[in-house]
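Engineer: Have a look at the structure that comes next, please.
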Amino acid sequence: MHNLSTPQPLNLSTPQPLNLSTPQPLNLLNPSTPQPSSTLINPPIMIKTSNLHKLFTTDEVETTALNGVSIEIQPGEFVAMMGPSGCGKSTLLNILGLLDNPTEGEYHFFGTEVGKMNERNRANLRKGNIGFVFQSFNLIDELTVYENVELPLLYLKTPASERKKLVEAQLDRMNIMHRRNHFPQQLSGGQQQRVAIARAVVANPKVILADEPTGNLDSTNGLEVMNLLTQLNQGGTTIVMVTHSPHDAGFAHRIINLFDGKVVTENFHV
Ligand SMILES: Nc1ncnc2c1ncn2[C@@H]1O[C@H](COP(=O)(O)OP(=O)(O)OP(=O)(O)O)[C@@H](O)[C@H]1O
Ligand SMILES: [Mg+2]
């Protein structure tokens with residue numbers, strides 16, 4: 001059993017109400033100008049991977065999806081990950097999001113080694129700490145807009161009155177309140193992605209992982225999603241976004257380029 005209280009305690013309890021004007025306590029960095037960690041006193045490294053490998057074995061075919069990835073991401077950063085199809089971007093994002101384990105290597109999330117955690121502990125850690133946004137929205141068709149956004153809070157056992165407040169605040173913020181009783185299939189792609197972002201942030205996660213969040217959107221809706229992600233980042237939420245779009249990557253502070261399962265370059269925007 002992993003001891004989540006050391007060295008950096010992770011908040012697995014009911015999240016605090018959203019207050020995007022106040023940075024997270026761990027957000028020691030100014031999001032607009034990421035600084036090297038050496039300028040901070042005992043900075044909690046949010047994400048630190050060391051020599052991650054991921055091997056998929058299916059029908060006697062072995063695929064090395066990750067081939068030694070070592071990266072660090074600090075609280076408050078907005079990082080884009082780019083690279084050709086099949087280079088391992090989604091695989092890396094899934095491991096960072098505790099949806100999957102690496103085959104080899106270490107992953108420290110706020111100082112706790114999580115790379116070998118079992119699914120149950122990973123699921124507990126995901127709740128309230130990590131929000132996901134996917135290219136295909138991944139909303140639950142049988143649930144209304146309101147119920148989709150409420151779901152993470154139900155998992156966290158947030159009391160009903162607080163749930164209502166948090167869900168309504170997000171629906172309002174994403175300008176989707178008027179669709180609260182609609183089902184996902186009744187919405188446009190842009191509206192569905194706004195609901196998905198509301199769901200990703202409703203539990204006030206430390207990090208949002210977005211896998212090609214504008215991939216299925218036209219440029220107007222894509223820009224709206226990028227503006228929403230930027231606003232969240234300016235409010236203190238760390239964002240790691242996979243994208244094929246240089247335009248979207250331009251919203252990030254740093255671009256990590258992957259090729260054949262390895263990091264090939266990292267560029268900081270000044
Ligand atoms: N569950 C799996 N089983 C077997 N192979 C997999 C699995 N998931 C990914 N792969 C393989 O791992 C490699 C990396 O896949 P990944 O989905 O991470 O690429 P990607 O960079 O996200 O590509 P894209 O830009 O097309 O989304 C690919 O060769 C892929 O076929
Ligand atoms: Mg992918």
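Coordinate-derived values only; no laboratory data. The model shown is predicted, which means the values in this text are computed figures rather than measured ones. Every residue, glycine among them, receives a Cβ derived from its backbone with ideal geometry; neighbour counts consider all protein chains shown.
Engineer: Which log10 I(q)/I(0) values does the stretch 153-242 give at q = 0.23, 0.24 Å⁻¹ under the Debye formula, counting every alpha carbon as one identical point scatterer?
Structural biologist: Taking Cα atoms of the stretch 153-242 as identical point scatterers yields -1.28, -1.35.
Engineer: Show the residues, 5+ positions off or on another chain, whose built amide H is closer than 5 Å to the amide H of residue 131.
Structural biologist: Amide H neighbours of residue 131, under 5 Å, 5+ apart: 207, 208, 209.
Engineer: Between residue 113 and residue 143, what's the calculated FRET efficiency when r is the beta-carbon distance and R0 is 35 Å? Round to 0.05.
Structural biologist: Efficiency, rounded to the nearest 0.05: 0.50.
Engineer: How much length would be gained if the chain were fully extended between residue 262 and residue 103, taking 0.36 nm per residue of separation minus their Cα-Cα distance, in nm to one decimal?
Structural biologist: 55.8 nm is the gain from fully extending residue 262 to residue 103.
Engineer: Would you mind classifying the stretch 202-259 by shape? Square roots of the alpha carbon gyration tensor eigenvalues, ordered a ≥ b ≥ c; an a/c under 1.5 is rounded, otherwise it is prolate if a/b is larger than b/c and oblate if not. Provide the component values of the computation, followed by the final result.
Structural biologist: Numbers: a/c = 1.71, a/b = 1.19, b/c = 1.43.
In terms of gyration-tensor shape, oblate.
Engineer: Per the Cauchy relation, a quarter of the hull surface: what is the mean projected area of the convex hull of the alpha carbons in the stretch 111-193, in nm²? Mind dumping the intermediate values first?
Structural biologist: Working: hull surface 27.2 nm².
Projected over every direction and averaged, the Cα hull of the stretch 111-193 covers 6.8 nm².
Engineer: Hey, which aspartates and glutamates would be in cross-link range of residue 89, C-alpha to C-alpha under 12 Å, not counting anything within fewer than 8 residues on its own chain?
Structural biologist: Once the sequence-local aspartates and glutamates are set aside, what remains near residue 89 is 211, 212, 260.
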